[in-house]
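**Q** Sharing a structure here in structure tokens format.
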Amino acid sequence: MQLDKKYLALSIFLMQLLGHAFAQANVRDVGPTNLLLLYKCEPAKRVALREYMLSKGVVQFKQWKAEGVLAGEQVLFSRYVDSENWDMLVFLQFRSPDDVAKWNEIERSHPAGLDAQGLSMVTAVSTYQLDMVQEKALSMAATKPVFFVIPYDYTVPTEDYLRYLQDYVVPQTSGWMDAGVLQSYQLFIGRGVAGRPWSAVFLLEYKDDEALGRRDVTIAKVREALRRDPTWKALSDKKQSVRVEKAPIVAEELK
């Protein structure tokens, strides 16, 4: 009887594992469970917007998480004034597509998650529906992380781009983590992005400013090693026909 219980426990574990893998492989077969909100403000309002988020805005997002509306939230603020790009970015994660509907209710009283005071500080907001297709993080958190956000517009069918991410991008991000500069990464592709300026976004968390400063050197070293792989090299040679890289943004997390 004891042996049967062990087999039962093992079977349940394997079913859960396979179910998770299947869910990951078919993430686009269900509704999106991630939202990305981009906020712009006038340069003169950046200080006020940052202080508002630190005193009220972030607290409110965390409260929605505590209430079960959100599965996760992350607020990033750009380091530098750049009127052509966003000033603040918010990632929202939901447990299911049905939970996204709850966010629609919040939007009625808090558009883009902000109250009247917060909305008075922003000039524009964009919302993207996203699917997270790959992520990895080191177990020990970084003490002074710096975020590097890179949007892309891919120009091939989505399934081809997903294979490109797995075979070309992930070997590089893994190499950057092995090199000790990258703390975590998340790769997203958008839903309903026709007419939008980009269709995919990478969220890279570097361990600190020194690690970010080694970004270019580390990329070159990792790519040099990967070029020995014919499959990877072939993808590298044609990457310009697969995607267009947009302007990256350096940001810090507001907590």
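**Q** Check every one of the strands (runs of 3 or more DSSP E) wholly within region 69-173 and list those with 3 or more residues that are more than 26 Å from D209 (Cβ to Cβ).
**A** On the way: elements: 72-78, 88-93, 124-137, 146-154.
Output list reads 124-137.
**Q** Restricting attention to region 134-164, and to residues there that are closer than 21 Å to G72 by Cβ and without any contact (Cβ under 8 Å) to a residue 40 or more places away in the chain, which single residue is surrounded by the fewest Cβ atoms within 10 Å (Cβ to Cβ)?
**A** S139
**Q** Report, by residue number, each residue of region 51-76 that is surrounded by 12 or more Cβ atoms within 10 Å (Cβ to Cβ) and farther than 19 Å from Q93 by Cβ.
**A** Matches in region 51-76: E51, Y52, L54, K56.
**Q** If I filter region 121-133 for residues that are of a type in the set (S, T, N, Q), touching a residue at least 24 places away in the same chain (Cβ under 8 Å) and within 20 Å of V250 (Cα to Cα), do I get at least one hit? Outline the logic, then answer.
**A** Taking region 121-133 first, the residues of a type in the set (S, T, N, Q) are 123, 126-127, 129.
Applying the additional criterion that residues be touching a residue at least 24 places away in the same chain (Cβ under 8 Å) yields 123, 126-127, 129.
Retained after the next criterion (residues that are within 20 Å of V250 (Cα to Cα)): 126-127.
Scanning region 121-133 turns up at least one residue that is of a type in the set (S, T, N, Q), touching a residue at least 24 places away in the same chain (Cβ under 8 Å) and within 20 Å of V250 (Cα to Cα).
**Q** Next up: Do you know which residues across region 239-255 are under 14 Å from V169 (Cβ atoms) and assigned to a loop (DSSP other than H, G, I, E, B)? Explain how you work it out, then say what you get.
**A** Just the residues of region 239-255 that are under 14 Å from V169 (Cβ atoms), to begin with: 239, 242-243, 245.
Across region 239-255, the qualifying residue is only V242.
**Q** Here's a check for you: in region 174-190, which residue that is under 25 Å from D153 (Cα atoms), more than 13 Å from the chain's Cα centre (by Cα) and among the small types (G, A, S) is surrounded by the fewest Cβ atoms within 10 Å (Cβ to Cβ)?
**A** Filtering first and then ranking leaves S174.
**Q** Among the listed residues K233, K255, K238, K207, identify the single one that is of a type in the set (K, R), within 23 Å of M132 (Cβ to Cβ) and surrounded by fewer than 18 Cβ atoms within 10 Å (Cβ to Cβ). Let's see the steps before the verdict.
**A** Values: K233 fails: within 23 Å of M132 (Cβ to Cβ); K238 fails: within 23 Å of M132 (Cβ to Cβ); K207 fails: surrounded by fewer than 18 Cβ atoms within 10 Å (Cβ to Cβ).
Of the residues listed, the single one that is of a type in the set (K, R), within 23 Å of M132 (Cβ to Cβ) and surrounded by fewer than 18 Cβ atoms within 10 Å (Cβ to Cβ) is K255.
The numbers here are math on the coordinates, done by the rules we state, and not lab data. What you are looking at is a predicted structure, and each value in this text was computed from that prediction instead of being measured. Note that each Cβ is placed from the backbone with ideal geometry, even for glycine, and that neighbours are counted across all protein chains shown.
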